[in-house]
Amino acid sequence: MTRKLNRNYSLSARTKGPLNISDVGPRFGSTKLAAAAIRGALTLAVLSALLLIGARPTQAQTGTVLYTFTGGSDGGGPESRLISDGVGNFYGTTVVGGLGYGTVFELSPNGSEGWNETVLYSFTGGADGANPTYSYVIFDSGGNLYGTAYGGGTNGYGVVFELSPAGKSWTETVLYSFAGGTDGANPVNGLILDPAGNLYGKTYYGGGHTYGTVFELSPSSGGWTEQVICAGDYAFGNSDAGLTMDAAGNIFTAGFWQVFELSPNGSGGWTPTVIHSFTYGTKDGYYPQGTPVLDQAGNLYGTTYDGGANNYGTVYKLSPGTNGKWTETILYSFKSNGEDGFGPWAGIVFDAAGNIYGTTVVGGDGNGGTVFELVAAVGTGSYKEKVLWRFNGRDGDGPLGSLILDSAGNLYGTAYDGGGPGKFGVVFEVNPLISLF
(Lines give C-alpha, C1' and ligand atoms only; values in the text may rest on other atoms or scores of the structure.)
Protein backbone atom coordinates (compact mmCIF):
# COMPACT_ATOMS: atom_id res chain seq x y z
CA MET A 1 0.00 0.00 0.00
CA THR A 2 1.75 3.12 -1.24
CA ARG A 3 1.42 6.37 0.66
CA LYS A 4 3.68 8.56 -1.43
CA LEU A 5 3.64 12.22 -0.44
CA ASN A 6 1.83 14.60 -2.74
CA ARG A 7 4.31 16.81 -4.61
CA ASN A 8 1.73 19.56 -5.23
CA TYR A 9 2.03 22.36 -2.69
CA SER A 10 -1.00 24.40 -1.69
CA LEU A 11 -1.06 26.89 1.16
CA SER A 12 -4.73 26.17 1.78
CA ALA A 13 -4.47 22.39 1.58
CA ARG A 14 -1.11 22.27 3.43
CA THR A 15 -0.05 19.16 1.50
CA LYS A 16 3.32 17.75 2.47
CA GLY A 17 5.33 18.04 -0.71
CA PRO A 18 7.13 20.49 -2.96
CA LEU A 19 5.90 22.37 -5.97
CA ASN A 20 5.04 21.55 -9.52
CA ILE A 21 7.33 23.25 -12.04
CA SER A 22 4.46 25.52 -13.06
CA ASP A 23 4.09 26.81 -9.50
CA VAL A 24 7.55 28.26 -9.00
CA GLY A 25 6.90 31.80 -10.17
CA PRO A 26 8.33 33.93 -12.98
CA ARG A 27 11.21 32.84 -15.20
CA PHE A 28 13.28 35.93 -15.76
CA GLY A 29 16.44 37.72 -14.70
CA SER A 30 20.13 37.03 -15.02
CA THR A 31 22.53 34.59 -13.39
CA LYS A 32 25.45 35.92 -11.39
CA LEU A 33 28.46 33.58 -11.24
CA ALA A 34 31.26 33.71 -8.70
CA ALA A 35 34.30 31.52 -8.14
CA ALA A 36 34.76 30.28 -4.60
CA ALA A 37 37.62 28.60 -2.83
CA ILE A 38 35.88 25.82 -0.94
CA ARG A 39 37.28 23.14 1.27
CA GLY A 40 34.69 20.40 1.03
CA ALA A 41 35.86 18.35 3.95
CA LEU A 42 34.08 20.79 6.26
CA THR A 43 30.67 19.63 5.09
CA LEU A 44 31.27 16.06 6.15
CA ALA A 45 33.09 17.23 9.26
CA VAL A 46 30.14 19.33 10.39
CA LEU A 47 27.71 16.47 9.90
CA SER A 48 30.04 13.97 11.57
CA ALA A 49 30.58 16.23 14.56
CA LEU A 50 26.86 16.44 15.13
CA LEU A 51 26.67 12.67 15.49
CA LEU A 52 29.21 12.40 18.30
CA ILE A 53 27.78 12.02 21.80
CA GLY A 54 29.38 13.02 25.04
CA ALA A 55 28.20 12.16 28.53
CA ARG A 56 24.43 12.43 28.75
CA PRO A 57 22.70 14.24 31.62
CA THR A 58 20.41 12.31 33.94
CA GLN A 59 17.22 14.28 33.34
CA ALA A 60 14.12 12.62 31.90
CA GLN A 61 13.40 12.64 28.19
CA THR A 62 11.56 15.74 26.98
CA GLY A 63 10.39 17.26 23.71
CA THR A 64 10.39 21.03 23.20
CA VAL A 65 9.32 23.34 20.39
CA LEU A 66 12.15 25.84 19.88
CA TYR A 67 10.42 27.91 17.23
CA THR A 68 7.00 28.02 15.54
CA PHE A 69 6.84 29.47 12.03
CA THR A 70 4.03 31.86 11.12
CA GLY A 71 4.18 31.52 7.33
CA GLY A 72 4.87 35.25 7.00
CA SER A 73 8.19 37.05 6.77
CA ASP A 74 9.82 34.41 9.01
CA GLY A 75 9.10 31.58 6.58
CA GLY A 76 6.90 28.50 6.65
CA GLY A 77 6.99 24.79 5.87
CA PRO A 78 10.51 23.76 6.95
CA GLU A 79 11.38 20.57 5.06
CA SER A 80 15.15 20.49 5.50
CA ARG A 81 17.38 19.10 8.18
CA LEU A 82 19.24 21.62 10.28
CA ILE A 83 22.97 22.23 10.43
CA SER A 84 24.98 23.75 13.27
CA ASP A 85 27.81 26.26 13.15
CA GLY A 86 29.48 24.63 16.16
CA VAL A 87 28.70 27.49 18.57
CA GLY A 88 25.04 26.71 19.19
CA ASN A 89 23.26 28.28 16.23
CA PHE A 90 21.16 26.30 13.73
CA TYR A 91 20.53 26.97 10.04
CA GLY A 92 17.85 25.66 7.69
CA THR A 93 15.38 26.50 4.94
CA THR A 94 11.63 26.90 4.56
CA VAL A 95 9.77 26.11 1.37
CA VAL A 96 7.40 29.11 1.60
CA GLY A 97 7.08 32.39 3.47
CA GLY A 98 9.49 35.28 3.50
CA LEU A 99 8.74 37.15 0.29
CA GLY A 100 6.52 34.24 -0.72
CA TYR A 101 9.04 31.75 -2.09
CA GLY A 102 10.83 30.43 0.98
CA THR A 103 13.73 31.44 3.19
CA VAL A 104 17.12 30.54 4.62
CA PHE A 105 16.99 31.09 8.39
CA GLU A 106 19.21 31.08 11.47
CA LEU A 107 17.99 30.04 14.93
CA SER A 108 20.05 31.32 17.87
CA PRO A 109 19.69 30.93 21.65
CA ASN A 110 18.66 34.25 23.21
CA GLY A 111 20.28 33.71 26.60
CA SER A 112 16.94 33.42 28.39
CA GLU A 113 16.20 29.76 27.54
CA GLY A 114 14.48 30.85 24.33
CA TRP A 115 15.43 31.13 20.68
CA ASN A 116 15.47 33.94 18.14
CA GLU A 117 14.89 33.36 14.44
CA THR A 118 16.64 35.50 11.84
CA VAL A 119 15.89 35.27 8.12
CA LEU A 120 19.19 35.39 6.27
CA TYR A 121 17.58 35.40 2.83
CA SER A 122 14.08 35.50 1.34
CA PHE A 123 13.66 34.16 -2.18
CA THR A 124 11.73 36.32 -4.62
CA GLY A 125 10.75 33.56 -7.06
CA GLY A 126 12.70 35.18 -9.89
CA ALA A 127 16.29 34.77 -10.99
CA ASP A 128 17.39 34.18 -7.39
CA GLY A 129 15.38 30.95 -7.04
CA ALA A 130 12.19 29.76 -5.38
CA ASN A 131 11.07 27.24 -2.78
CA PRO A 132 14.07 25.28 -1.45
CA THR A 133 12.73 21.74 -1.23
CA TYR A 134 14.17 19.30 1.34
CA SER A 135 17.19 21.53 0.79
CA TYR A 136 19.52 21.82 3.76
CA VAL A 137 22.39 24.32 3.55
CA ILE A 138 26.10 23.61 4.07
CA PHE A 139 29.06 25.75 5.14
CA ASP A 140 32.46 26.15 3.53
CA SER A 141 35.59 27.06 5.47
CA GLY A 142 34.96 30.78 4.82
CA GLY A 143 31.53 30.74 6.48
CA ASN A 144 29.56 30.87 3.24
CA LEU A 145 26.37 28.82 2.88
CA TYR A 146 25.40 26.73 -0.16
CA GLY A 147 22.06 25.22 -1.11
CA THR A 148 19.49 24.60 -3.82
CA ALA A 149 16.10 26.07 -4.68
CA TYR A 150 13.58 23.90 -6.51
CA GLY A 151 12.22 26.63 -8.79
CA GLY A 152 13.06 30.06 -10.11
CA GLY A 153 16.34 30.97 -11.75
CA THR A 154 16.89 32.27 -15.26
CA ASN A 155 14.84 29.46 -16.79
CA GLY A 156 12.43 28.69 -13.95
CA TYR A 157 13.87 25.23 -13.23
CA GLY A 158 15.78 25.94 -10.03
CA VAL A 159 19.19 27.11 -8.92
CA VAL A 160 22.27 26.34 -6.87
CA PHE A 161 23.01 29.34 -4.67
CA GLU A 162 25.65 30.72 -2.32
CA LEU A 163 24.98 33.04 0.63
CA SER A 164 27.93 35.10 1.83
CA PRO A 165 27.96 37.07 5.10
CA ALA A 166 28.39 40.81 4.63
CA GLY A 167 28.34 42.47 8.03
CA LYS A 168 24.92 41.83 9.55
CA SER A 169 23.39 40.85 6.20
CA TRP A 170 23.92 38.07 3.68
CA THR A 171 24.36 38.35 -0.08
CA GLU A 172 23.06 35.70 -2.47
CA THR A 173 24.93 34.59 -5.59
CA VAL A 174 23.35 32.18 -8.06
CA LEU A 175 26.04 29.69 -9.06
CA TYR A 176 23.93 27.82 -11.61
CA SER A 177 20.44 28.07 -13.13
CA PHE A 178 19.06 24.84 -14.52
CA ALA A 179 17.72 24.87 -18.08
CA GLY A 180 15.30 21.98 -17.65
CA GLY A 181 16.86 19.75 -20.32
CA THR A 182 19.72 17.28 -20.16
CA ASP A 183 21.36 19.40 -17.43
CA GLY A 184 18.50 18.61 -15.04
CA ALA A 185 15.54 20.44 -13.54
CA ASN A 186 14.30 21.20 -10.03
CA PRO A 187 17.10 20.36 -7.57
CA VAL A 188 16.12 18.73 -4.28
CA ASN A 189 17.76 17.78 -1.00
CA GLY A 190 20.74 20.10 -0.82
CA LEU A 191 24.39 19.59 -1.71
CA ILE A 192 27.56 17.81 -0.66
CA LEU A 193 31.08 19.16 -1.04
CA ASP A 194 34.28 17.27 -1.83
CA PRO A 195 37.82 18.19 -0.67
CA ALA A 196 38.59 19.75 -4.07
CA GLY A 197 35.75 22.25 -3.72
CA ASN A 198 33.28 20.61 -6.11
CA LEU A 199 29.58 20.62 -5.25
CA TYR A 200 27.28 17.66 -5.93
CA GLY A 201 23.51 17.53 -5.91
CA LYS A 202 20.42 15.92 -7.36
CA THR A 203 17.54 17.09 -9.56
CA TYR A 204 14.05 15.65 -9.46
CA TYR A 205 13.37 16.13 -13.17
CA GLY A 206 15.39 16.61 -16.35
CA GLY A 207 18.20 14.51 -17.74
CA GLY A 208 17.99 12.35 -20.84
CA HIS A 209 14.93 10.42 -19.59
CA THR A 210 13.30 13.22 -17.51
CA TYR A 211 13.79 11.11 -14.36
CA GLY A 212 16.32 13.45 -12.81
CA THR A 213 20.09 13.68 -12.52
CA VAL A 214 23.05 13.68 -10.20
CA PHE A 215 25.16 16.71 -11.08
CA GLU A 216 28.56 18.19 -10.25
CA LEU A 217 29.39 21.90 -10.10
CA SER A 218 33.10 22.72 -10.35
CA PRO A 219 34.57 26.17 -9.67
CA SER A 220 36.36 27.59 -12.68
CA SER A 221 37.78 30.94 -13.70
CA GLY A 222 34.94 33.43 -13.50
CA GLY A 223 32.17 30.97 -12.67
CA TRP A 224 31.07 27.39 -12.18
CA THR A 225 30.81 24.52 -14.66
CA GLU A 226 28.03 21.95 -14.41
CA GLN A 227 28.24 18.38 -15.62
CA VAL A 228 25.70 15.59 -15.20
CA ILE A 229 27.44 12.57 -13.72
CA CYS A 230 24.36 10.34 -13.82
CA ALA A 231 21.07 10.71 -15.69
CA GLY A 232 18.44 8.41 -14.29
CA ASP A 233 16.03 5.93 -15.78
CA TYR A 234 12.73 4.94 -14.17
CA ALA A 235 14.35 2.97 -11.35
CA PHE A 236 16.67 5.86 -10.51
CA GLY A 237 14.60 8.89 -11.08
CA ASN A 238 12.06 11.27 -9.63
CA SER A 239 13.41 10.72 -6.13
CA ASP A 240 13.95 13.20 -3.30
CA ALA A 241 16.68 11.06 -1.68
CA GLY A 242 19.93 12.91 -0.99
CA LEU A 243 23.60 12.13 -1.60
CA THR A 244 26.40 10.94 0.66
CA MET A 245 30.10 10.48 -0.16
CA ASP A 246 32.64 8.06 1.30
CA ALA A 247 36.33 8.75 1.96
CA ALA A 248 37.27 7.35 -1.46
CA GLY A 249 35.01 9.83 -3.27
CA ASN A 250 32.21 7.39 -4.15
CA ILE A 251 28.69 8.81 -3.99
CA PHE A 252 25.65 6.90 -2.74
CA THR A 253 22.01 7.76 -3.33
CA ALA A 254 18.61 6.12 -3.76
CA GLY A 255 16.17 6.16 -6.63
CA PHE A 256 12.54 5.18 -6.85
CA TRP A 257 13.23 1.54 -5.95
CA GLN A 258 17.02 1.08 -6.06
CA VAL A 259 20.15 2.20 -4.20
CA PHE A 260 23.09 3.33 -6.36
CA GLU A 261 26.82 3.88 -6.02
CA LEU A 262 28.54 6.35 -8.36
CA SER A 263 32.30 5.83 -8.62
CA PRO A 264 34.84 8.10 -10.38
CA ASN A 265 36.37 6.20 -13.29
CA GLY A 266 39.71 8.02 -13.33
CA SER A 267 39.01 9.72 -16.67
CA GLY A 268 36.71 12.48 -15.48
CA GLY A 269 33.60 10.34 -15.68
CA TRP A 270 31.54 8.29 -13.27
CA THR A 271 30.35 4.68 -13.23
CA PRO A 272 26.91 3.94 -11.75
CA THR A 273 26.31 0.61 -10.00
CA VAL A 274 23.05 -0.67 -8.55
CA ILE A 275 23.88 -2.09 -5.12
CA HIS A 276 20.31 -3.05 -4.14
CA SER A 277 16.90 -3.29 -5.78
CA PHE A 278 13.89 -3.22 -3.46
CA THR A 279 11.12 -5.71 -4.18
CA TYR A 280 8.17 -4.27 -2.22
CA GLY A 281 7.64 -7.47 -0.30
CA THR A 282 7.14 -8.28 3.34
CA LYS A 283 10.84 -9.10 3.66
CA ASP A 284 12.01 -5.94 1.94
CA GLY A 285 11.29 -2.22 1.89
CA TYR A 286 10.20 -0.02 -0.98
CA TYR A 287 10.49 3.62 -2.05
CA PRO A 288 13.75 4.60 -0.29
CA GLN A 289 13.90 8.20 0.94
CA GLY A 290 16.20 10.45 2.92
CA THR A 291 19.97 10.58 2.64
CA PRO A 292 21.81 7.25 3.00
CA VAL A 293 24.30 7.19 5.89
CA LEU A 294 27.61 5.28 6.08
CA ASP A 295 29.11 3.83 9.24
CA GLN A 296 32.84 3.44 9.87
CA ALA A 297 32.79 -0.12 8.52
CA GLY A 298 31.34 0.99 5.18
CA ASN A 299 27.78 -0.24 5.78
CA LEU A 300 25.02 1.92 4.32
CA TYR A 301 21.81 2.71 6.22
CA GLY A 302 18.57 4.33 5.19
CA THR A 303 14.79 4.33 5.35
CA THR A 304 12.06 3.20 2.97
CA TYR A 305 8.72 4.94 3.06
CA ASP A 306 6.86 1.74 2.21
CA GLY A 307 7.33 -2.01 2.38
CA GLY A 308 8.58 -4.18 5.21
CA ALA A 309 6.77 -6.81 7.24
CA ASN A 310 3.72 -4.57 7.70
CA ASN A 311 3.97 -2.44 4.53
CA TYR A 312 4.49 0.72 6.61
CA GLY A 313 8.16 1.35 5.92
CA THR A 314 11.53 0.15 7.17
CA VAL A 315 15.00 1.02 8.39
CA TYR A 316 17.49 -0.97 6.30
CA LYS A 317 21.20 -1.75 6.29
CA LEU A 318 23.29 -2.64 3.22
CA SER A 319 26.60 -4.41 3.89
CA PRO A 320 29.36 -4.67 1.25
CA GLY A 321 30.67 -8.14 0.45
CA THR A 322 32.90 -9.77 -2.12
CA ASN A 323 32.73 -9.11 -5.87
CA GLY A 324 30.76 -5.92 -5.38
CA LYS A 325 27.79 -7.70 -3.79
CA TRP A 326 25.81 -6.00 -1.04
CA THR A 327 23.56 -7.74 1.47
CA GLU A 328 20.40 -6.12 2.82
CA THR A 329 19.19 -6.46 6.41
CA ILE A 330 15.88 -4.98 7.56
CA LEU A 331 16.59 -3.55 11.01
CA TYR A 332 13.00 -2.54 11.75
CA SER A 333 9.58 -2.70 10.08
CA PHE A 334 7.12 -0.05 11.23
CA LYS A 335 3.58 -0.86 12.36
CA SER A 336 0.30 1.02 12.22
CA ASN A 337 -1.02 0.29 15.69
CA GLY A 338 -1.92 3.72 17.00
CA GLU A 339 1.38 4.04 18.88
CA ASP A 340 4.22 3.28 16.47
CA GLY A 341 4.95 5.71 13.68
CA PHE A 342 5.07 4.76 10.01
CA GLY A 343 6.21 6.23 6.72
CA PRO A 344 9.85 7.12 7.56
CA TRP A 345 10.87 9.77 5.01
CA ALA A 346 14.04 11.40 6.26
CA GLY A 347 16.77 8.79 6.79
CA ILE A 348 18.62 8.21 10.06
CA VAL A 349 21.53 9.36 12.24
CA PHE A 350 23.77 7.42 14.64
CA ASP A 351 25.16 8.04 18.08
CA ALA A 352 28.61 6.83 19.14
CA ALA A 353 27.14 3.66 20.67
CA GLY A 354 25.55 2.63 17.37
CA ASN A 355 21.97 3.52 18.30
CA ILE A 356 19.89 4.82 15.41
CA TYR A 357 17.53 7.83 15.44
CA GLY A 358 14.97 8.96 12.91
CA THR A 359 11.46 10.24 12.29
CA THR A 360 8.24 9.05 10.70
CA VAL A 361 5.89 11.32 8.80
CA VAL A 362 2.67 9.84 10.16
CA GLY A 363 1.54 7.51 12.94
CA GLY A 364 1.80 7.76 16.69
CA ASP A 365 -1.26 8.44 18.82
CA GLY A 366 -1.49 11.99 17.45
CA ASN A 367 -0.97 10.78 13.84
CA GLY A 368 1.52 13.59 13.30
CA GLY A 369 4.53 11.30 13.11
CA THR A 370 7.17 10.30 15.62
CA VAL A 371 10.79 10.56 16.68
CA PHE A 372 12.16 7.06 17.23
CA GLU A 373 15.30 5.35 18.48
CA LEU A 374 16.52 1.88 17.49
CA VAL A 375 18.60 0.61 20.39
CA ALA A 376 21.43 -1.72 19.44
CA ALA A 377 21.49 -5.03 21.34
CA VAL A 378 25.17 -5.59 22.12
CA GLY A 379 26.73 -8.38 20.09
CA THR A 380 23.53 -9.47 18.34
CA GLY A 381 23.17 -7.06 15.42
CA SER A 382 19.49 -6.61 16.32
CA TYR A 383 17.60 -3.49 17.41
CA LYS A 384 14.66 -2.65 19.63
CA GLU A 385 12.55 0.41 18.86
CA LYS A 386 11.72 3.17 21.34
CA VAL A 387 9.26 5.91 20.43
CA LEU A 388 10.79 9.06 21.88
CA TRP A 389 8.19 11.58 20.79
CA ARG A 390 4.78 11.54 19.14
CA PHE A 391 3.69 14.72 17.38
CA ASN A 392 0.14 15.88 18.05
CA GLY A 393 -0.13 18.86 15.67
CA ARG A 394 0.29 21.51 18.36
CA ASP A 395 3.97 20.60 18.72
CA GLY A 396 4.48 19.90 15.01
CA ASP A 397 3.25 17.52 12.34
CA GLY A 398 5.04 15.63 9.58
CA PRO A 399 8.84 15.76 10.09
CA LEU A 400 10.45 15.47 6.64
CA GLY A 401 14.10 16.38 7.33
CA SER A 402 16.59 14.13 9.08
CA LEU A 403 17.68 14.75 12.66
CA ILE A 404 20.99 16.05 14.00
CA LEU A 405 22.50 15.08 17.33
CA ASP A 406 24.62 17.35 19.55
CA SER A 407 27.43 16.42 21.93
CA ALA A 408 25.00 16.34 24.89
CA GLY A 409 22.78 13.76 23.18
CA ASN A 410 19.95 16.13 22.21
CA LEU A 411 18.16 15.64 18.90
CA TYR A 412 17.07 18.58 16.74
CA GLY A 413 14.83 18.67 13.70
CA THR A 414 12.02 20.35 11.82
CA ALA A 415 8.37 19.45 11.27
CA TYR A 416 6.86 20.72 8.06
CA ASP A 417 3.35 21.27 9.41
CA GLY A 418 1.64 21.96 12.73
CA GLY A 419 2.60 24.34 15.49
CA GLY A 420 0.60 27.55 15.87
CA PRO A 421 -2.76 28.52 14.37
CA GLY A 422 -1.43 28.74 10.82
CA LYS A 423 0.25 25.33 10.99
CA PHE A 424 3.43 26.41 9.21
CA GLY A 425 5.78 24.06 11.03
CA VAL A 426 8.28 24.09 13.88
CA VAL A 427 11.87 23.51 14.95
CA PHE A 428 11.98 21.00 17.80
CA GLU A 429 14.37 19.40 20.29
CA VAL A 430 14.09 15.93 21.85
CA ASN A 431 16.30 14.50 24.57
CA PRO A 432 16.36 10.72 23.98
CA LEU A 433 17.40 9.53 27.44
CA ILE A 434 14.34 7.39 28.13
CA SER A 435 11.13 6.67 26.28
CA LEU A 436 8.29 9.03 27.14
CA PHE A 437 5.80 6.16 26.92
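Below is a table of values for the structure above.
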item: Loop GluC sites (Glu not before Pro), the stretch 332-437, which have at most 16 other Cβ atoms in a 10 Å radius of their Cβ (DSSP); result: GLU339
item: Global geometry of the stretch 103-153, whether rounded, prolate or oblate, following the gyration tensor of its Cα atoms and the 1.5 cut on a/c; result: prolate
item: Carbon + sulfur, % of accessible area of the stretch 259-382 - ligands and nucleic acids excluded, 1.4 Å; result: 49 percent
item: Solvent-accessible area, 1.4 Å probe, carbon plus sulfur percent, for the stretch 63-152; result: 46 percent
item: Local net charge near GLY268, Cβ-Cβ under 15 Å (Lys/Arg +1, Asp/Glu -1); result: -3
item: Rounded to the nearest 20 debye, dipole of the stretch 215-342 from Cβ charges on Lys, Arg, Asp, Glu; result: 240 debye
item: Set LYS283/LYS317; LYS283/LYS384; LYS325/LYS386; LYS317/LYS386; LYS335/LYS384; LYS317/LYS384 screened for pairs whose C-alpha atoms are more than 20 Å apart; result: LYS325/LYS386
item: Surface accessible to a 1.4 Å probe, TRP389 within the full protein complex, Å²; result: 40 Å²
item: Distance between the stretch 384-437 and the stretch 341-382 - C-alpha centres, whole angstrom; result: 12 Å
item: The stretch 363-437, accessible area per residue, ligands and nucleic acids excluded (1.4 Å, Å²); result: 34 Å²
item: Within the stretch 336-422, trypsin sites (Lys or Arg not before Pro) in DSSP loop having at most 15 other beta-carbon neighbours inside 10 Å; result: ARG394
item: Local electrostatic count, GLY255, Cβ distance below 11 Å [Lys/Arg +1, Asp/Glu -1]; result: -1
item: Pairwise label distance in nanometres, SER221 with SER319, each label 7 Å out on the Cα-Cβ vector; result: 5.2 nm
item: Spin-label model distance (nm) - THR62 vs THR327, 7 Å beyond Cα toward Cβ; result: 4.5 nm
item: Shape call, the stretch 124-220: gyration tensor on alpha carbons, a/c limit 1.5; result: oblate
item: Length added when fully stretched, THR273-ASP365, from 0.36 nm per residue minus Cα-Cα; result: 29.1 nm
item: Per residue accessible area in Å² of the stretch 88-213, where ligands, DNA and RNA are left out and the probe is 1.4 Å; result: 27 Å²
item: Accessible surface, the stretch 229-289, averaged per residue in Å² (probe 1.4 Å); result: 37 Å²
item: The stretch 311-437 - Debye-derived log10 I(q)/I(0), Cα point model, q = 0.13, 0.14, 0.18 Å⁻¹; result: -0.52, -0.59, -0.93
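The values are calculated or read from the model by the stated rules, or taken from the named source; none is laboratory data. Small disclaimer: the values here were computed from a predicted structure and weren't measured. Every residue, glycine among them, receives a Cβ derived from its backbone with ideal geometry; neighbour counts consider all protein chains shown. When the accessible area is computed, the model is the full protein with side chains, heavy atoms only, and any ligands, DNA or RNA have been set aside. Shrake-Rupley method; radii C 1.70, N 1.55, O 1.52, S 1.80 Å.
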